[in-house]
Amino acid sequence: GAVVSQHPSWVICKSGTSVKIECRSLDFQATTMFWYRQFPKQSLMLMATSNEGSKATYEQGVEKDKFLINHASLTLSTLTVTSAHPEDSSFYICSASGRARPRSNQPQHFGDGTRLSIL
Amino acid sequence: ELKVEQNPLFLSMQEGKNYTIYCNYSTTSDRLYWYRQDPGKSLESLFVLLSNGAVKQEGRLMASLDTKARLSTLHITAAVHDLSATYFCAVDITSEKLVFGKGTKLTVNP
């Protein structure tokens, strides 16, 4: 079964609204969570890495004020897309890594993704 | 900066045929992973390769790793339609951070 739960799976909203995506590790403590963005027919691009209790590290070119990441507990990280615009429409995928995770040869466990469509 | 190159990026093949997807990477690493992605879905882990010479097989897919050549291959034997998907390799560099290839979109035709 899934070890990382991502919610919601699909969001459609108007331009200018903020959208929050949740990523939960279900049966292990996720000390590190990763957020990726994937545009159609492209690969996954890492947006940021977050460690529990500390500020996220953003990849070059990713606006930290636009994509707010919170990793306040060992089982939950959230990504908030603030004042979303149509160009933010994409598939967002979270992943988690941490202590005593199941199938521990996996570097990361991936959520099911969130498809964000901004009208 | 680590670069991961996959080829081909697009592969159309007939059922029953064999083919190999290649994954080259630019810096030293002995941890490489293969994933499958179906349209609209997230990643599904296929293989974990953790040492030079590692070979893993699952059904019609076989993956191998040559760390000296910085090369991994994903071999498809007697392809079937259900294998149609996009396949990604990813290299683990540090702190469990992954760098992905661009993906190979595989289409298996009847």
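The values are calculated or read from the model by the stated rules, or taken from the named source; none is laboratory data. What you are looking at is a predicted structure, and each value in this text was computed from that prediction instead of being measured. With ideal geometry, Cβ positions are generated from the backbone for all residues, glycine too; neighbour counts draw on all protein chains shown. Accessible surface is based on the protein model in full, side chains and every heavy atom, while ligands, DNA and RNA are left aside. Shrake-Rupley method; radii C 1.70, N 1.55, O 1.52, S 1.80 Å.
Here are a few things to note about the model shown:
- The Cα atoms of the range A:20-76 define a convex hull whose projected area, averaged across directions, is 4.4 nm².
- Overall, the accessible surface of chain A at a probe of 1.4 angstrom is composed of carbon and sulfur to the extent of 50 percent.
- Formal net charge of residues neighbouring B:Lys3 (Cβ-Cβ distance under 12 Å; K, R +1; D, E -1): 0
- Using θ = phi - 60° and Karplus 6.51 cos²θ - 1.76 cosθ + 1.60, couplings along the range A:65-73 (whole Hz; Gly, Pro as x): 7, 8, 10, 8, 10, 10, 10, 7, 9
- A cysteine counts as unpartnered when no other cysteine's C-beta lies under 4.7 Å of its own; in chain A this applies to A:Cys13.
- Highest-MSF residue in chain A out of A:Lys14, A:Lys64, A:Lys41 [GNM, Cα springs under 10 Å]: A:Lys41
- Chain B - Kirkwood radius from inverse mean 1/r over Cα pairs (Å): 13.9 Å
- Interface area, A with B, accessible, probe 1.4 Å, both sides summed, Å² nearest 100: 1500 Å²
- With N as its number of residues, the protein assembly as shown has a Cα radius of gyration that, divided by 2.2 N^0.38 Å, comes to 1.03.
- Per residue Cα convex hull volume in Å³ - calculated over chain A: 99 Å³
- Around A:Ser15: net Lys/Arg minus Asp/Glu count, Cβ-Cβ under 12 Å: -1
- Partner chain coverage, peptide A:28-36 - average Cβ within 10 angstrom: 1
- Taking 18 Å as the limit for the C-alpha separation, the pairs A:Lys66/B:Lys97; B:Lys3/B:Lys56; A:Lys20/A:Lys66 exceed it in the case of A:Lys66/B:Lys97; B:Lys3/B:Lys56.
- Shielding by partners, peptide B:33-41 (average Cβ within 10 angstrom, other chains): 3
- With a 10 Å cut-off around each Cβ of A:45-55, the average count of Cβ atoms from other chains is 1.
- Total charge dipole magnitude, chain A, about the Cα centre, Cβ charges on Lys, Arg, Asp, Glu only, Debye to nearest 20: 140 debye
- Sum of side-chain charges, A:Thr75 neighbourhood, beta-carbon under 10 Å (Lys, Arg +1; Asp, Glu -1): -1
- Length-normalised contact order of chain A in % [C-alpha pairs under 8 Å, at least 6 apart]: 38 percent
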